[in-house]
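Below you'll find the structure, written out as structure tokens, and then a few comments.
The values are calculated or read from the model by the stated rules, or taken from the named source; none is laboratory data. As the structure is a computational prediction, the values presented were derived from the model and not from experiment. All Cβ positions, even for glycine, are placed from backbone atoms using ideal geometry, and neighbour counts span all protein chains on display. Areas reflect the complete protein model, heavy atoms only, side chains present, ligands, DNA and RNA absent. Shrake-Rupley method; radii C 1.70, N 1.55, O 1.52, S 1.80 Å.
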Amino acid sequence: MERLVVDGWGRYIGVDHEQIVVRERKDGSYKEVHRCLPSSLRQVVLSGRGSISIDAIELLAENGVDIVLIDWRGQVTAYVSPPQMRTVNTRREQYRAYDSPAGAVLAKEFIYAKMKNMSATLGTLAKTRKDTSPESAEALRQARDEINTRIASLEALDIKKKRCDDIRETIMGLEGSASAAYWNSIVTIIPEEFEFRERSGRYATDPLNAMLNYGYGILEGECRRAIHYAGLDPYGGFLHVDRPGKASLVYDLMEEFRQQVVDKSVLKIFSLGQVKPDEFTLENGVCKMADSARKLLLSELLNKLEDQIRYNDKSMKWTDLILGQARGIAQYLRGETKAYTGFWLRW
């Protein structure tokens, strides 16, 4: 099954003879640019300025296809999902777990996996730069060692009989210092002309942050889909604090995949010199990608999500792995498994 990405301006998604049709406005009229069966799709991503008919939304929902709207900053502005799967028992257990040791176990695992992936990513980057850029390689290794120290502290953290609220401040403190070391070392491998100084969060101030934010938006859509199909409540997280409208559990799950899916894809683009500074502009203090840079990133990420990965002696797509982790959370909450293990790779 494929993911349909409708990007750019003036595009319209409609229905013709029970098929999904994408048309583009040119010279005052709409011309067909894509046609497919809804049963062949798993997700539709809308980015840019366009429109979709109610008929198309209904047909996609009937075929279990979710729709994700992402703006130019990489923020998911809307998410339309098919009717819920079996959820009652799973969600009851999810809500109970927040105030039990099970919730603390999940919160710890999300951050443990993230930091292990940080360490592995820096190790890979250092290895590939050992001969060409020894100073950068050394900075990356030092940051990796610092992160490994934080990992050891997290492993030693006793969470028996603890709740999420009891350990959140501690584990987020460890994650914060690990992230600072991680991004400070990444500064050394980004060309100076892109003016990357630090991870700036949702309002990107430079090209690297702009691409990271957009990439995390794509990852968010994939994790939302996984959470939905696992029968979980996307707003009932364990690591991230509950706030109105904040899909906390989606952000929890994303922590396991940020480095391996998004960071590596974005850093590859900069390392290969595939984008130039003039493909980015500042609008009201926020860095915006040109269409060429955004389309390049979309292609890189969507190909990555469909790539095969070897994990636990199985070969699977990244999309299936993300879904598998979401289902693992649900199984753990329902008591079908005794433990939950976050995803991380050695290299």
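Per-structure values
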{"item": "Identity of the residue in the stretch 239-252, touching a Lys or Arg at 6+ places or on another chain (Cβ under 9 Å) and crowded, with 18+ Cβ neighbours inside 10 Å, that ends up farthest from Trp9 (Cα to Cα)", "result": "Leu239"}
{"item": "Residue list for the stretch 53-108, filter: without any contact (Cβ under 8 Å) to a residue 12 or more places away in the chain, among the hydrophobic types (A, V, I, L, M, F, W, C) and open to solvent by 50 Å² or more (accessible area, probe 1.4 Å)", "result": "Ile54, Val88"}
{"item": "Failed condition for Asp242, given (1) touching a residue at least 24 places away in the same chain (Cβ under 8 Å); (2) touching a helix residue (DSSP H, G or I) at 6+ places or on another chain (Cβ under 7 Å); (3) not small (Gly, Ala, Ser)", "result": "(1)"}
{"item": "Entirely in the stretch 193-292, the helices (runs of 4 or more DSSP H) that have 1 or more residues that are more than 12 Å from the chain's Cα centre (by Cα) and of a type in the set (Lys, Arg)", "result": "264-271"}
{"item": "Condition met for Arg35 (at pLDDT 90 or above and among the charged types (D, E, K, R))", "result": "yes"}
{"item": "Of residues in the stretch 308-331 being in contact with a strand residue (DSSP E or B) (Cβ under 7 Å, 6 or more places away or on another chain) and outside any strand (DSSP E or B), the one nearest to Phe343 (Cα to Cα)", "result": "Leu321"}
{"item": "Lone unmet requirement of (1) buried (at least 17 other Cβ atoms within 10 Å of the Cβ); (2) within 16 Å of Arg258 (Cα to Cα) for Tyr332", "result": "(2)"}
{"item": "Qualifying residue in the stretch 200-208 (condition: of a type in the set (Phe, Trp, Tyr), out of contact with any His (no Cβ under 8 Å at 6 or more places or on another chain) and modelled with pLDDT under 95)", "result": "yes"}
{"item": "Search result, residues across the stretch 186-238 that are surrounded by 20 or more Cβ atoms within 10 Å (Cβ to Cβ) and without any contact (Cβ under 8 Å) to a residue 24 or more places away in the chain", "result": "Phe196, Pro234, Gly237"}
{"item": "Residue ranges of strands (runs of 3 or more DSSP E) in the stretch 1-41 with at least 3 members over 12 Å from Ser51 (Cα atoms) and open to solvent by 30 Å² or more (accessible area, probe 1.4 Å)", "result": "2-16, 29-36"}
{"item": "Restricting the stretch 262-277 to residues that are among the charged types (D, E, K, R) and either in contact (Cβ under 8 Å) with a residue 12 or more places away in the chain or closer than 16 Å to Ala204 by Cα (or both), the residue that is most open to solvent (accessible area, probe 1.4 Å)", "result": "Lys268"}
